[in-house]
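What follows is a set of notes on a single structure, which appears directly below.
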Amino acid sequence: MSNFTNPAQDDIKTILKESKTIAVVGLSDNPSRTAYQVSKAIQDAGYTIIPVNPTVSEVLGRKAVSRLQDIQEHVDIVNVFRRREHLPAVAEDAASMPSVPDVFWTQLDLVSEEAARIAGDAGMTVIMDKCIKIEHSMLK
């Protein structure tokens, strides 16, 4: 059983209102994939998306980077679409970015105590097992 707990709902709303740039780890250029659909909705809502995927060159009109450490600008949220076993490594990558992100966010059904510890120790707020698109839709 997981000991991880998310921030309060009001805090998540504040994060989404104040954030502008979201790096999406595992963003595919395949429109039928959940990562693509969620990222497009978030991009359409006004966020800047940075695709992080070594196998694509561009997604949603944005140049992709191979890894988080390739991003020079500050990222508000790292939104992760990778399987659970990859989460600790992604958290380590986020923690070693030139500018540590404010938030480490995993999608529905993705919780990793180890990744939460790594991201939290690096100073990131950790949100797990929540869809950013669904959370954003509740802002209205």
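The values are calculated or read from the model by the stated rules, or taken from the named source; none is laboratory data. Everything quoted here is computed from the prediction, not taken from an experiment. Counting neighbours? That spans all protein chains shown, and the Cβs are built from the backbone with ideal geometry, glycine included.
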query: Do we have R82 as within 17 Å of Y36 (Cβ to Cβ), among the charged types (D, E, K, R) and without any contact (Cβ under 8 Å) to a residue 40 or more places away in the chain here?
result: no
- line: Those residues of segment 90-140 which are hydrophobic (A, V, I, L, M, F, W, C), part of a helix (DSSP H, G or I) and surrounded by 14 or more Cβ atoms within 10 Å (Cβ to Cβ) amount to V90, A91, A94, A95, A115, A116, I118, A119, I132
task: Give me the pairs, please: first residue somewhere in segment 96-108 and within 10 Å of A119 (Cα to Cα) and of a type in the set (A, V, I, L, M), second residue anywhere and surrounded by fewer than 16 Cβ atoms within 10 Å (Cβ to Cβ) and at pLDDT 95 or above, beta-carbon distance under 7 Å, and either six or more positions apart or on two chains.
output: V100/G123
field: Flag if A94 is within 16 Å of I22 (Cα to Cα), of a type outside the set (S, T, Y) and at pLDDT 95 or above
entry: yes
task: With respect to R62, determine if the residue is more than 10 Å from the chain's Cα centre (by Cα) and either more than 16 Å from S28 (Cβ to Cβ) or touching a residue at least 60 places away in the same chain (Cβ under 8 Å) (or both).
output: no
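With A45, A64 as the choices, which residue is touching a Pro at 6+ places or on another chain (Cβ under 7 Å), more than 17 Å from Q107 (Cα to Cα) and of a type in the set (A, V, I, L, M, F, W, C)?
Result: A64 is the single residue among A45, A64 that is touching a Pro at 6+ places or on another chain (Cβ under 7 Å), more than 17 Å from Q107 (Cα to Cα) and of a type in the set (A, V, I, L, M, F, W, C).
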Restricting segment 68-89 to residues that are assigned to a helix (DSSP H, G or I) and not small (G, A, S), the residue that is surrounded by the fewest Cβ atoms within 10 Å (Cβ to Cβ): E85
query: Of everything in segment 45-66 that's of a type in the set (V, I, T) and in contact with a helix residue (DSSP H, G or I) (Cβ under 8 Å, 6 or more places away or on another chain), which residue is nearest to K140 (Cα to Cα)?
result: I49
task: Starting from segment 17-44, take each residue that is more than 18 Å from L139 (Cβ to Cβ) and list its partners that are among the hydroxyl-bearing types (S, T, Y) and not in a helix (DSSP H, G or I), counting only C-beta distances under 7 angstrom and pairs at least six apart or across chains.
output: A35/S28; Y36/S28
